[in-house]
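Take a look at the structure below.
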Amino acid sequence: MGIKFSMLGSSSSGNCGLVETDSCKVLIDAGFSCKRILQMLDQLNVSIQSVDAVFFTHEHTDHTLGINGLSKFAHIKFFANRDTADAIQRKLTKKIDWQLFETGASFPFKELFVTSFSIPHDAYDPVGFVFNAKANEAFSPHSSLAWVTDLGHLPKSVSLKIREVDILVIEANHDVTLLQADTKRPWSVKQRILGRHGHLSNETTYELLASASDSQWKKIYLAHLSKDCNDTALVSKLFGSLQKNGSPLDIIVVDPI
Ligand SMILES: [Zn+2]
Ligand SMILES: [Zn+2]
């Protein structure tokens, strides 16, 4: 089948990605309004009718805003672990028919094989995902993808798991100097972002990418950039020097929107 990936949008204000095989489509998170998600899909010539499921990483609004509207489409399945589903459900009036998974479990969904894993973030039970599909060079040169945003540090178990994929979506949330100089955020919020259960800085993500010479990565998306405390030009410059086997890494810096 192979896997294609499109980022609908990613920043501290909203996150949503589209994973496609030749016969199924799933969203990772739904952190924009339903109307906006439909517009973003439309720009990719994807109909909401062809979207089979949404997989949620955690309950924060920048990952869940669109669920109320999306739940009106009866064919879409909503996947989350129990604590995340409960936390999202508490903010909704409509009862969602949740497809629950255990954190750490692997399971099939249509042609995809999905693995969730725990990540350190200040939410009830936040996860990252790995999606695998059978190789199909005619559809896509890629057959695996990892999504890891919203984590305060990189446990060894996570950094090992995400090395084994073709497409890596990883957070480069903030530049530490820009965050410390920011005047909008109170000290407590800065401490939260910088903490062990906050968000990855450019520097931490850079260290991971620079040290993982044994990775399989063919394409890397740097995501969940802070609009106020990061800068795409700065990120492009920092990560632009990264190489693997003498060639530059294929890195896409996702413009925060
Ligand atoms: Zn979060
Ligand atoms: Zn987030």
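General observations
- Residue in segment 77-91 that is surrounded by the most Cβ atoms within 10 Å (Cβ to Cβ), counting only those that are under 18 Å from the mean Cα position of the chain (by Cα) and among the polar types (S, T, N, Q): T84
- Residue in segment 183-192 that is of a type outside the set (A, V, I, L, M, F, W, C), surrounded by 14 or more Cβ atoms within 10 Å (Cβ to Cβ) and within 18 Å of A233 (Cα to Cα) present: no
- The residues of segment 92-106 that are loosely packed, with under 11 Cβ neighbours inside 10 Å and among the β-branched types (V, I, T) amount to a single one, T93.
- Residue identified as within 16 Å of ligand 1 (Cβ to nearest atom), touching a Cys at 6+ places or on another chain (Cβ under 9 Å) and β-branched (V, I, T) among I88, I37, I28: I28
- Condition check for L65: within 14 Å of ligand 1 (Cβ to nearest atom), surrounded by 12 or more Cβ atoms within 10 Å (Cβ to Cβ) and either of a type outside the set (G, A, S) or touching a residue at least 40 places away in the same chain (Cβ under 8 Å) (or both): yes
- In segment 119-148, of all residues being in contact with a helix residue (DSSP H, G or I) (Cβ under 8 Å, 6 or more places away or on another chain) and hydroxyl-bearing (S, T, Y), the one that is nearest to G31 (Cα to Cα) corresponds to Y124.
- Of all residues in segment 117-163, those satisfying the criterion of being hydrophobic (A, V, I, L, M, F, W, C), more than 15 Å from ligand 1 (Cβ to nearest atom) and within 22 Å of A80 (Cβ to Cβ) are F117, V130, F131, A133, L145, A146, V158, I162.
FYI, it's all coordinate maths here, none of it is from the lab. All values derive from a computational prediction rather than experimental measurement. Glycine also receives a Cβ, built like all others from the backbone with ideal geometry; neighbour counts cover every protein chain displayed.
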